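What follows is a set of notes on a single structure, which appears directly below.
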Amino acid sequence: MFECSNCHRKWNHEIKECIYCDGNIVENKLSDFKVLYSSEVLSGSKKHNAPYFLLLADNGNEKKLIKRGSDVARGTHIIQDYHHNENIIVGVIGSGKMGIGIAALLIDNWFKTIVKTRDNNKKDTIRESLYSILSKSNDHDNTGKKIQLLKITTDFNDLAPCGLVIECVSEDKEIKRKVLEKVSQTTQCTIASNTSSIPISYLSPKGAENRTIGLHFFNPVNKMKLVEVVKTDSTPDRLIKDALYFCERLGKKPIVVHDSPGFIVNRLLMVQLKEAIKMVEEGIASKEEIDEAIKLGLNHVMGPFQIISLIGEDVVKDILETLDTQRLEE
Amino acid sequence: MFIRGVGRTKFGVLREQIPQLMYEAILNAKKDAKISVEDIDACIVSNFFGGTIDNQSHLNSLIASLLPGFDKQSIRVESACASGGAAFNLATKLLNNYENVLVVGVEKMTNRDVSTVTDALASAADLRLEQDNGLTYPAAYALIASEYFDKYGVTHEALDRISLKNHENANKNPLAHFYHKKVTLNEIKESPVVCSPLRLFDCSPISDGAAAVILSATKSSERDVEILSSEMAVDTLSITQREDIIKMKATEKASKMAFNKASIKPNDISLAEIHDCFTINELVSLESIGFCKFGKASDLNTSITGEFPVNTDGGLKADGHPIGATGVAQITELVTQLRGEAGDRQVKKRAYGLAHNIGGSGGSAVVTILKGNIYV
């Protein structure tokens, strides 16, 4: 909200000079919006897929706000507009492909973001790669503003003020367990793992089961719409609703899935990839022929071997092992 | 009828969005007019494809957000590339009922791929007869150029000179899209073909920008410029329905009416703003308005220091062509010149100025004649 300090007229649009008088323009950051009414939208549009909730909120001072949100009661406090997510701090652990992708998505949507990395020497590289990603979809001014939302640390204790921490370390059960355990000790907030296949109930730190969920983003994070929201028997409904709302605010389409190895996508994908590898081993067809056949015959955008090279052979191997171990245990 | 104030933004690739562009132009016009917002009785917004490209229509209501407290009549006008001229024309009619009318034209065109913009622009052409068969505007004017060359034996060299002249004028206009760009005749001649025979330097650029004008029924200062006439006419939407594609009937009709009403002749005009969306259109339009015989426009000396200056701001070619703003910006240039406030690009003679703004391939046309304050 922009206001003339002299005549007190107000604008929603960014202006530099008052057209009525010579007063200075000041930008007021408004807060404390409470939901007045909401509507459950069941028939959507091309831009907004239904179902979702449309909220009308006000701050009791002439200013109203329209927002997409989750099913919240009248009077619920919601966070307000423009740089609307600056009040929430999200921690991202890991600075690999997924960690950087998720951090960029968060910052691009105005979330204050703390990236936790192991290596002090990587801090500059992380900042540079995030700056370069942001500058592709933002002008110079906004890139500059957004990169200020980023903090990089090597210390788990710096994650204490976070409202949500997303773990994105390598797809190794024991490493993930150790990291999540550490997060549960240094924070009180929701803990999410970006694991692509390991059951959340296996990863949940003791005593923090009711605040641990799975948030499985897909690579490349800025392009892939889907987030698998994984719930266990200990996950409260409230947490799932918040997670859905959070994903929507990032422009993603969340799908809730019950905890199980590989969730939805990788459980089906790995069967296909495994069979594709077998076919090459048995000399039935070449990688290229299989890719072409799947694209033309099933109308897929990519063939199985193109997917393997996109995800990374090491990650595919880790996922296959997780699924196989789970099957053996059963 | 008088023009009391004018204002505009820079034209070009700008970071500002529609509301900021409109606000800046209105603010500048309001300062120039030395009028208070409360004294504006009505508003007309001119915009072509905010609805198509940004899904933002209803810009006449946006005025109330930009001018807190303004709750009077506000209309949005669309007539393709003649939207600005049509809005200005309508404002002159509203002066029968109101004392002060604000006209603001705006377009946000950049930041999307050229093919999207080309399609949106093509929406001004006949859907079934033209668009469905591959007509885009560069292509339409390429056909017009081909016939013009064929009929009058004029060569592309005439178009190169128009392009160079308009770029040189833009180098004297700090608000022009190509203010900083120095262009050589060689660069123009060797630029890539867009739609043969038209090359890149025959085409106006894709620009963002806004322009505003405040019209008043009565004169309030010596800087006010009198509106002698503003007339509008239409022709068939598709060029396939016209007898002769290089004679612009809507332009001819609007010009005839405007000269009659102003009681002056074409050779009384000191300077003109001509709708050069493509260089060929500067020639065709000068002839259809009646400044010279058909086929002879390239013989006119139209530089700023020449006998008959045309497009002193750089024209659509080099000042820029933010569609909804273009027709309004033409008026701001004429007013600036007629007041003698055009600085480096000031013309000598400033008795009468003419603005010519057309939609599509000439399906609509507005011709406005203004009278200078000083007779030279």
| said: With the requirement that a residue be within 14 Å of chain A (Cβ to nearest Cβ) and crowded, with 24+ Cβ neighbours inside 10 Å, what does segment B:94-114 give you? | reply: B:L102, B:V104, B:V106, B:K108
| remark: When every residue in segment B:343-376 that is part of a strand (DSSP E or B) and in contact with a Gly (Cβ under 6 Å, 6 or more places away or on another chain) is compared, the one surrounded by the fewest Cβ atoms within 10 Å (Cβ to Cβ) is B:L370
| Do we find a residue being crowded, with 22+ Cβ neighbours inside 10 Å, modelled with pLDDT of 95 or more and part of a helix (DSSP H, G or I) anywhere in segment B:36-55? | no
| field | Candidate set from segment A:6-49 (those that are basic (K, R) and closer than 16 Å to B:P68 by Cβ); member that is farthest from the other protein chains (Cβ to nearest Cβ) | value | A:K16
| said: Six or more apart or on different chains, Cβ atoms under 6 Å: show the pairs whose first residue is in segment B:160-173 and farther than 10 Å from B:D319 by Cα and whose second is small (G, A, S) and surrounded by fewer than 24 Cβ atoms within 10 Å (Cβ to Cβ). | reply: B:K165/B:S303
| query | touching a strand residue (DSSP E or B) at 6+ places or on another chain (Cβ under 9 Å), of a type in the set (F, W, Y) and more than 11 Å from chain A (Cβ to nearest Cβ) - does that describe any residue in segment B:13-23? | reply | no
| For B:G69, all conditions in the list (1) surrounded by fewer than 16 Cβ atoms within 10 Å (Cβ to Cβ); (2) on the phi > 0 side of the Ramachandran plot; (3) more than 9 Å from every other protein chain (Cβ to nearest Cβ); (4) not polar (S, T, N, Q) hold save one; what is the number of the exception? | (3)
| remark: Going through segment A:37-54 in order, the residues found to be polar (S, T, N, Q) and surrounded by 10 or more Cβ atoms within 10 Å (Cβ to Cβ) are A:S38, A:S39, A:N49
| task | Looking for whichever is closer than 26 Å to B:V77 by Cα and not small (G, A, S) here; the options are B:I280, B:I358. Which one fits? | result | B:I358
| Within segment B:293-310, is there a residue that is within 18 Å of the chain's Cα centre (by Cα), crowded, with 21+ Cβ neighbours inside 10 Å and part of a helix (DSSP H, G or I)? | no
| Every residue from segment A:111-143 that is away from every other protein chain (no Cβ under 14 Å) and more than 16 Å from A:G94 (Cα to Cα) | A:F111, A:K112, A:Y131, A:S132, A:I133, A:L134
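Could you say which residue among A:L149, A:L180, A:L134 is in contact with a helix residue (DSSP H, G or I) (Cβ under 7 Å, 6 or more places away or on another chain), of a type outside the set (D, E), modelled with pLDDT of 95 or more and surrounded by 14 or more Cβ atoms within 10 Å (Cβ to Cβ)? Steps first, please.
Numbers: A:L149 fails: modelled with pLDDT of 95 or more; A:L134 fails: modelled with pLDDT of 95 or more.
Going through A:L149, A:L180, A:L134 in turn, the sole match is A:L180.
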| field | Residue that is within 15 Å of A:G163 (Cα to Cα), charged (D, E, K, R) and in contact (Cβ under 8 Å) with a residue 12 or more places away in the chain, where the choices are A:D233, A:D242 | value | A:D242
| request: Could you please find all residues in segment B:41-66 being within 14 Å of chain A (Cβ to nearest Cβ) and within 13 Å of the chain's Cα centre (by Cα)? | output: none
| task | Restricting attention to helices (runs of 4 or more DSSP H) lying wholly within segment A:234-330, give those where 2 or more residues are at pLDDT below 90 and farther than 19 Å from A:K173 by Cβ. | result | A:237-249
| field | So A:K34, is it at pLDDT 80 or above, under 22 Å from A:Y245 (Cβ atoms), surrounded by fewer than 18 Cβ atoms within 10 Å (Cβ to Cβ) and not aromatic (F, W, Y) | value | yes
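Residues are listed down the side, and each one gets a yes or a no for (1) closer than 24 Å to B:K261 by Cβ; (2) more than 11 Å from chain A (Cβ to nearest Cβ); (3) surrounded by fewer than 22 Cβ atoms within 10 Å (Cβ to Cβ); (4) not aliphatic (A, V, I, L, M):
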{"position": "B:S74", "(1), (2), (3), (4)": "no, yes, yes, yes"}
{"position": "B:C81", "(1), (2), (3), (4)": "yes, yes, no, yes"}
{"position": "B:A86", "(1), (2), (3), (4)": "yes, yes, no, no"}
{"position": "B:N89", "(1), (2), (3), (4)": "yes, yes, no, yes"}
{"position": "B:T92", "(1), (2), (3), (4)": "yes, yes, yes, yes"}
| task | Name the one entry in A:S197, A:S201 that is surrounded by 15 or more Cβ atoms within 10 Å (Cβ to Cβ) and assigned to a loop (DSSP other than H, G, I, E, B). | result | A:S197
| task | Being in contact with a helix residue (DSSP H, G or I) (Cβ under 6 Å, 6 or more places away or on another chain) and free of Cβ contacts under 8 Å to residues at least 40 places away in the same chain narrows it down to one of A:T190, A:T186, so name that one. | result | A:T186
| query | Considering segment A:212-240 alone, what residues qualify as being surrounded by fewer than 17 Cβ atoms within 10 Å (Cβ to Cβ) and not polar (S, T, N, Q)? | reply | A:P220, A:K223, A:M224, A:K225, A:L226, A:D233, A:P236, A:D237, A:R238
| query | Does B:I26 fit the bill of being within 12 Å of chain A (Cβ to nearest Cβ) and closer than 23 Å to B:T110 by Cβ? | reply | yes
| Filter segment A:72-100 for residues that are at pLDDT 65 or above and of a type in the set (D, E, K, R); which is nearest to A:P161 (Cα to Cα)? | A:K97
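The values are calculated or read from the model by the stated rules, or taken from the named source; none is laboratory data. Only a predicted model underlies this, so the values are computations on that prediction, with no experimental measurement involved. Using ideal geometry, Cβ is built from the backbone for each residue, glycine included, and neighbour counts are taken over all protein chains shown.
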